[in-house]
Amino acid sequence: MSGPSRIPGNAEPTLRFRFDGVEYRARAGDTLAAALLANGVGRVARSFKYHRPRGVMAAGVEEPNALVTVGEGGRTEPNTRATDLYVYDGLIAVSQNRWPNLGFDLGAINGLAAPFLAAGFYYKTFFGPPSRWMLYEKFIRRAAGMGKAPTEADPDTYEHRAAFCDVLVVGGGMAGIAAARDAHAAGERVWLVEQHDRLCGVAEGVRVLTRTTASGLWDHGFATLVERLVEPGQTPAPGQPAQRLWHVRAKRIVLATGAIERPLTFAGNDRPGVMLSQAVRRYIDRFRVLPGKRVVIATNNDDAYATADAVAAAGGEVVAILDSRASGRATRFPVFTDAVPLSTKGRTHHLASVEARIGGTARRFEADLLAVSGGFTPVVHLHSQAGGKLDWREDLQAFVPGASAQAVSSVGAAAGDIPAVTATAADLPDPKHSFIDFQNDVTAADIDLAWAEGYRSVEHLKRYTTLGMATDQGKTSNMAALARLASVAGVTIPQAGLTTFRPPFTPLTLGTLAGGDAGGHAAPARRLALYDRHQRLNPLWQPLGLWHRPRAYPIGDETLHAAALREARAVRTAAGIVDVSTLAKFAVTGPDAAAFLEIVCATGVAKLAVGRGRYTFMLREDGMVMDDGTVWRIAETRYLLTSSTGGADRMEAHLSYAHRILAPHLKVSVVAQQEHFAGIALAGPLSRDILAALTGIDPPAHMGVAQAAIAGVAVLILAASYSGERAFEIYAEGHLAGPVWDALEAATRAAGGYPYGLEALEFLRIEKGHIVVGAEADGRTTPHDLSLERMLRKAGGYIGASGLTRPALAAEDRAQLIGLTSDTPIPEGAMLIAADGAPVDGHVTSAAARVTGSGAIALGLLAGGRARSGAVLLASSPTRGKSARVTVTVPIFYDLEGARYRD
């Protein structure tokens with residue numbers, strides 16, 4: 001191509017776009033690659049490692065060279081294939097991987113350093129002293145990557161949708177259209193998806209999605225489809241998403257994904273002006289662009305002859321057809337058999353000449369375009385992702401779909417209906433400049449070097465050379481690489497092996513993967529059954545696990561601390577209610593329920609009487625405390641096990657593991673009921689009287705169980721205390737719990753109390769010295785560390801019992817639970833040291849103000865802590881610039897005898 005190459009006689013270009021700051025015009029329906037070629041722009045990119053000038057090679061998603069950055073601000077999208085981007089008015093694209101500009105790129109000096117940047121150079125930088133790596137690292141990190149990620153937030157939205165159909169047809173070519181029509185005629189509900197913007201025909205009665213790529217094919221007929229509703233960098237219509245990820249499940253899937261043409265390997269095959277033969281034809285037929293005026297065609301099959309006809313029809317000159325076979329097709333163009341390209345010379349945007357070997361002699365042709373065809377590779381990615389086998393076809397020199405593991409079939413070119421080729425093993429005089437993986441600058445010499453250095457497995461070869469690991473996933477390079485590997489190994493291509501096809505078929509944006517789960521929706525938020533009751537009190541909300549729970553209920557202009565202290569003191573002096581619905585709850589039933597719980601719980605359970613409960617904790621198999629809670633015997637063979645909110649999912653998995661793996665012989669059922677029941681804790685010295693008045697029964701004693709009704713709603717009452725006061729947990733079915741809360745709130749306020757939130761709950765439990773999972777039980781502490789060893793069941797038999805037999809886990813110099821007091825606030829998370837600069841002996845796990853009295857208190861883990869009562873330490877948090885002088889004490893600051901929560 002030696003200038004603008006739009007074929008005359010068609011519509012005028014009306015769309016304006018800019019590339020590297022220069023404004024051009026395009027026709028509606030042009031891809032960016034077509035528009036650049038039409039405007040005489042042949043050099044559009046620089047290669048990854050050597051910064052070699054690159055042009056357009058293909059016309060579809062397999063394009064390895066023409067990568068650009070599109071859009072501005074938060075809509076910037078790097079590494080976009082110019083061949084898969086339709087021009088819209090105002091499109092802005094820039095070339096990448098160059099500085100200061102595409103024409104003069106200082107990075108091209110890497111080409112001079114090519115002898116030092118051969119395959120595996122990155123790994124070889126690890127050899128030698130570590131200090132060398134510190135030198136290499138900053139250069140490697142700066143040079144790594146192609147485009148640059150945007151620094152501004154993406155302003156667009158993305159969405160996910162799910163759908164079902166009888167037949168999913170992937171590919172809108174002739175074979176796909178025929179398959180869709182047949183399926184529709186058979187009365188089946190059909191979806192047809194096509195990655196380009198139009199089909200090759202009409203499919204009546206079929207749901208059609210264009211600009212949609214089947215990115216992955218999974219088990220049981222499940223496919224993920226990415227639908228582009230706007231082009232990269234384009235602003236979507238108000239209220240509309242930019243892209244949509246479909247989750248489609250189909251009874252059967254038909255793959256009409258076509259085939260990808262393979263390039264040929266020779267020196268300078270990456271130069272602008274070297275294109276795939278069918279791509280040249282596509283630019284002529286579809287976009288009315290002639291990429292070159294003097295054209296040489298190099299092929300090993302008959303298909304490329306059609307390109308010669310197309311070039312001539314468009315006004316171009318076919319200089320020569322180089323056919324590597326012994327005989328070619330009859331044609332009006334000059335054909336040279338036993339002929340292959342050896343090298344190219346070029347100018348800024350196009351070729352200057354092609355040197356070829358014809359028989360035993362070399363000959364040079366003046367040409368500005370070289371169209372190459374090395375045969376075709378069926379697109380078997382989705383077939384393989386679905387578990388299908390691949391068969392080798394010698395006549396095609398390619399793998400084709402074999403036996404399918406699911407209801408997946410391939411048709412057309414994807415099934416191997418493609419032109420046969422003649423395998424040739426031409427010598428490569430200059431393998432160092434003969435590229436195989438164009439995007440990662442992997443040459444034939446790199447593959448030879450990897451083999452010479454002992455990399456025999458194709459998977460090792462891939463990782464050592466980075467072959468096929470770029471954004472194009474080796475679509476144009478894999479077969480050429482396998483052929484080269486097989487050649488140096490002296491084996492056939494099937495014996496050389498094949499790498500794994502993994503999703504996605506083409507790159508996805510992170511926005512598409514996230515869908516609506518972004519910003520405040522990044523994690524699912526669960527609302528409490530009593531959400532409306534809390535919201536009317538205008539609380540401060542706090543995320544906890546997947547839940548949002550009230551942290552405090554400020555009155556007027558109260559601060560969080562003031563509100564929490566008021567609420568906590570009300571619990572100490574009168575009463576308070578708190579929502580505990582999020583506690584994990586498991587119904588354990590069956591004749592072997594007790595035996596099962598004795599496996600899970602480290603405390604005794606079997607002797608628990610009906611209507612009674614007990615504090616318990618659960619261990620991991622290594623003996624570390626995993627979670628804690630309570631266990632209640634509701635009936636002879638029915639128990640209720642509670643555990644922490646944040647560990648609910650983990651505990652459910654743990655119980656399933658214990659049942660299915662450790663004790664499958666036990667007759668027991670475990671059902672998670674966290675969201676089925678709402679829970680309200682009523683605590684305080686007046687709580688018993690309040691509950692008696694509301695239920696009309698004598699409330700159960702501490703750790704007792706009762707059934708009653710409040711406001712006409714059946715409730716389960718568990719007499720358990722987390723605050724250190726007489727307290728009851730009251731459970732009702734979630735959808736019925738509103739009136740129960742109303743009645744308890746009214747009675748509590750009448751008694752001088754308040755609803756209280758997590759902050760007050762934290763104050764109360766720290767003052768009472770109760771541990772919490774995540775802070776004190778942080779995954780590294782044993783029952784001995786937390787002073788729980790006297791509760792362990794002496795008979796053993798529970799998960800973690802064996803781990804605890806290791807003497808080191810009961811060593812007295814381990815970090816042990818201690819209490820801390822101070823006259824000044826104690827920074828939570830602070831390290832505990834004897835003095836500034838001294839070794840760290842432990843840390844503060846939880847801190848609070850005293851609810852009763854003045855000063856600050858805290859819980860902590862301190863090496864040999866129980867023997868250091870009375871010691872004065874420094875709680876220091878250098879990152880926050882806070883510290884406090886603290887005194888070590890027992891970890892209970894209120895009602896040491898435990899008299900207040902008993903009758």
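The values are calculated or read from the model by the stated rules, or taken from the named source; none is laboratory data. This structure is a prediction, so every number in the text was calculated from the model and none was measured. Every residue, glycine among them, receives a Cβ derived from its backbone with ideal geometry; neighbour counts consider all protein chains shown. These area figures cover heavy atoms from the full protein model, side chains too; ligands, DNA and RNA do not enter into them. Shrake-Rupley method; radii C 1.70, N 1.55, O 1.52, S 1.80 Å.
The table below gives the values:
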item	result
About the Cα centre, charge dipole magnitude for the chain (Lys/Arg +1, Asp/Glu -1 at Cβ), debye	760 debye
For peptides 787-800, 434-447, sequence by mean Cβ density within 10 Å, most packed first	434-447, 787-800
Diffusion coefficient, µm² s⁻¹, Stokes-Einstein with Kirkwood Rh over alpha-carbon pairs of the stretch 215-303 at 10 °C and 1.306 mPa s	91 µm²/s
Radius, Kirkwood style, for the stretch 378-485 when every pair of distinct Cα atoms is counted (Å)	15.2 Å
Cβ-based charge dipole, the chain, positive-most Cα from I297, Y722, S457	I297
Reported label for calculated mean projected area of the Cα convex hull in nm² given (1) 39.4; (2) 35.7; (3) 46.6	(3)
Stokes-Einstein D for the stretch 35-160, Kirkwood Rh over Cα pairs, 4 °C, 1.567 mPa s (µm²/s)	78 µm²/s
Debye, to nearest 20: dipole size of the stretch 695-758, +1 on Lys, Arg Cβ, -1 on Asp, Glu Cβ	100 debye
Global geometry of the stretch 423-562, whether rounded, prolate or oblate, following the gyration tensor of its Cα atoms and the 1.5 cut on a/c	prolate
Accessible area in square angstrom per residue, the stretch 587-646, 1.4 angstrom probe	32 Å²
Check: the stretch 551-633 dipole with +1 on Lys, Arg Cβ and -1 on Asp, Glu Cβ, in debye	400 debye
Distance violations [Cα-Cα > 32 Å] among K124/K148; K124/K389; K794/K882; K389/K432	K124/K389; K794/K882; K389/K432
For the stretch 725-792, accessible area per residue (1.4 Å probe, heavy atoms of protein chains only), Å²	31 Å²
FRET E, pair A186, F222, Förster distance 22 Å, beta-carbon r, rounded to 0.05	0.45
Aspartates and glutamates with Cα under 16 Å of K293, excluding same-chain neighbours fewer than 8 positions away	D285, D309, E317, E366, D368
Potential lengthening between D903 and A403 on full extension [0.36 nm per residue; Cα-Cα distance subtracted]	172.6 nm
Compactness index (Cα Rg / 2.2 N^0.38 Å), the stretch 770-838	1.37
Dipole axis of the chain (+1 Lys, Arg; -1 Asp, Glu on Cβ), positive-most option in A743, L85, V44	V44
Rg ratio (alpha-carbon, reference 2.2 N^0.38 Å) - the stretch 744-796	1.68
5 Å-binned pair-distance histogram of the stretch 760-881 (Cα, whole percent)	2, 11, 20, 22, 19, 13, 7, 4, 2, 0
Estimated inter-spin distance, R806 and T887, nm [label 7 Å along Cα→Cβ]	3.8 nm
Mean Cα-pair separation over length for the chain, i.e. relative contact order, pairs under 8 Å, 6 or more apart, %	8 percent
Surface per residue (accessible, 1.4 Å probe) for the stretch 170-295, Å²	38 Å²
Cα convex hull of the stretch 152-275, projected area averaged across orientations, nm²	11.1 nm²
Fraction of the pair-distance distribution of the stretch 194-348 above 18 Å, Cα-Cα pairs, percent	70 percent
Accessible area of the chain belonging to carbon and sulfur atoms, whole % at 1.4 Å probe	54 percent
Local electrostatic count, Y657, Cβ distance below 14 Å [Lys/Arg +1, Asp/Glu -1]	-1
The stretch 45-85: mean projected area of Cα convex hull, nm²	3.1 nm²
Estimated translational D of the stretch 288-369 in µm²/s (Stokes, Kirkwood radius over Cα pairs; 10 °C; 1.306 mPa s)	124 µm²/s
Dipole of the chain, positive end: most advanced residue of T265, L641, S384 [Cβ charges, Cα centre]	T265
Solvent-accessible surface (1.4 angstrom probe) belonging to F222, in square angstrom, nearest 10	50 Å²
Mean ellipticity per residue at 222 nm, deg cm²/dmol - from DSSP H runs of n ≥ 4 across the chain, formula -39500 (n - 2.57)	-5500 deg cm²/dmol
Spin-label model distance (nm) - R161 vs L135, 7 Å beyond Cα toward Cβ	5.8 nm
All aspartates and glutamates inside 16 Å of K251 as judged from Cα atoms, apart from same-chain residues fewer than 8 positions distant	D166, D182, E188, D219
Estimated Rh, the stretch 828-903: Kirkwood, alpha-carbon pairs, angstrom	13.4 Å
Computed label-point distance, nm, for sites S854 and A609 using a 7 Å Cα→Cβ extension	4.7 nm
